[in-house]
Amino acid sequence: MGGNILEFNKESRGQIQISDTAISEIVSNVSSKCYGVIGFVNPSLKEGIIKLLHREHQSKGVIVSRDKDKVNIEIHVIVQYGTNLKQVANSLRDSIRFNLEKLTSLPIGKIDINIQKVNIK
């Protein structure tokens, strides 16, 4: 299992662990279905290099971190030209928060949306 492990709900029946990798895969899947989102960018690439990630590597465009007991998300996306960037970002943030809370029951902190490129094609 890759990434850090988030543990919660330690009951007498055992504990539940959700990895950062699992969370980033949920986020990338939800985000890819949002209107205006074309794809994802790997934030670890050097400044000035923007490369669209293939479907199987989309989760590399998502960074998961923790602040006390909350999960924070940072996502790097490419957005379609002609869409309202603020509306796309707000819709993306709302969709990520709703789905993560629904699927994991984890408390969600901040969700940072980084629009790296606008696709004109």
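The values are calculated or read from the model by the stated rules, or taken from the named source; none is laboratory data. Remember, it's a predicted structure, so these values are computed and weren't measured experimentally. Because the Cβ atoms are built from the backbone with ideal geometry, glycine has one as well, and the counts that use them run over all protein chains shown.
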Can you find, within segment 72-121, the residue that is surrounded by the fewest Cβ atoms within 10 Å (Cβ to Cβ) among those that are among the small types (Gly, Ala, Ser) and closer than 13 Å to Tyr35 by Cα? Gly82
Among the residues of segment 57-64, is there at least one that is on the phi > 0 side of the Ramachandran plot, surrounded by fewer than 14 Cβ atoms within 10 Å (Cβ to Cβ) and either at pLDDT below 90 or part of a loop (DSSP other than H, G, I, E, B) (or both)? no
Can you tell me which residues in segment 79-100 are touching a strand residue (DSSP E or B) at 6+ places or on another chain (Cβ under 6 Å) and free of Cβ contacts under 8 Å to residues at least 24 places away in the same chain? Arg93, Arg97
List pairs: first in segment 18-34 and more than 12 Å from Arg97 (Cβ to Cβ), second part of a loop (DSSP other than H, G, I, E, B), Cβ under 6 Å, 6+ apart or cross-chain? Ser19/Met1; Ser19/Gly3; Asp20/Gly3; Asp20/Asn4; Thr21/Gly2; Thr21/Gly3
Is one or more of the residues making up segment 46-54 touching a helix residue (DSSP H, G or I) at 6+ places or on another chain (Cβ under 9 Å) and modelled with pLDDT under 85? yes
